[in-house]
Amino acid sequence: MKYELSEIDKRLIDRVSKITCVDYGIDNDNYIEADKLLTIIDDLETRYSALEKKHFEFEQKVQEQYEQKKIDPYLEYGVRESDFH
């Protein structure tokens, strides 16, 4: 089964091609096989999942490294607790 491509469809496939780094070879053809269309969607979903995982790992790393630590007020101001008793 073939699907007829409009100019908008071709531009969309070009954008997906840039995201997935796969050349789908749809330069001058006005039709695309249904199997190829499913492959494009699968490639895009795979790339999305990889980026989602990478983002999650990055977010975790940032939270671990930059989590605010509670500082003892006595240490922060350079005084001893015994100075107040």
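Per the conditions (1) assigned to a helix (DSSP H, G or I); (2) touching a residue at least 12 places away in the same chain (Cβ under 8 Å); (3) within 21 Å of the chain's Cα centre (by Cα), the sole criterion not satisfied by Leu37 is (3).
The condition (being surrounded by 10 or more Cβ atoms within 10 Å (Cβ to Cβ), within 17 Å of Tyr3 (Cα to Cα) and not hydrophobic (A, V, I, L, M, F, W, C)) is satisfied by just one residue among Lys53, Lys61, Lys36: Lys36. If you filter region 1-32 down to residues that are under 23 Å from Ser49 (Cβ atoms) and exposed (fewer than 12 other Cβ atoms within 10 Å of the Cβ), you find that the one that is modelled with the lowest pLDDT is Asp23.
This table checks each residue for (1) free of Cβ contacts under 8 Å to residues at least 12 places away in the same chain; (2) assigned to a helix (DSSP H, G or I); (3) among the charged types (D, E, K, R).
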| position | (1), (2), (3) |
| --- | --- |
| Tyr3 | no, no, no |
| Leu12 | yes, yes, no |
| Glu45 | yes, yes, yes |
| Val79 | yes, no, no |
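The values are calculated or read from the model by the stated rules, or taken from the named source; none is laboratory data. Values in this document were obtained by computation on a predicted structure and should not be read as measured data. Don't worry about glycine lacking a Cβ; one is built from the backbone with ideal geometry, like all the others, and counts go over all protein chains shown.
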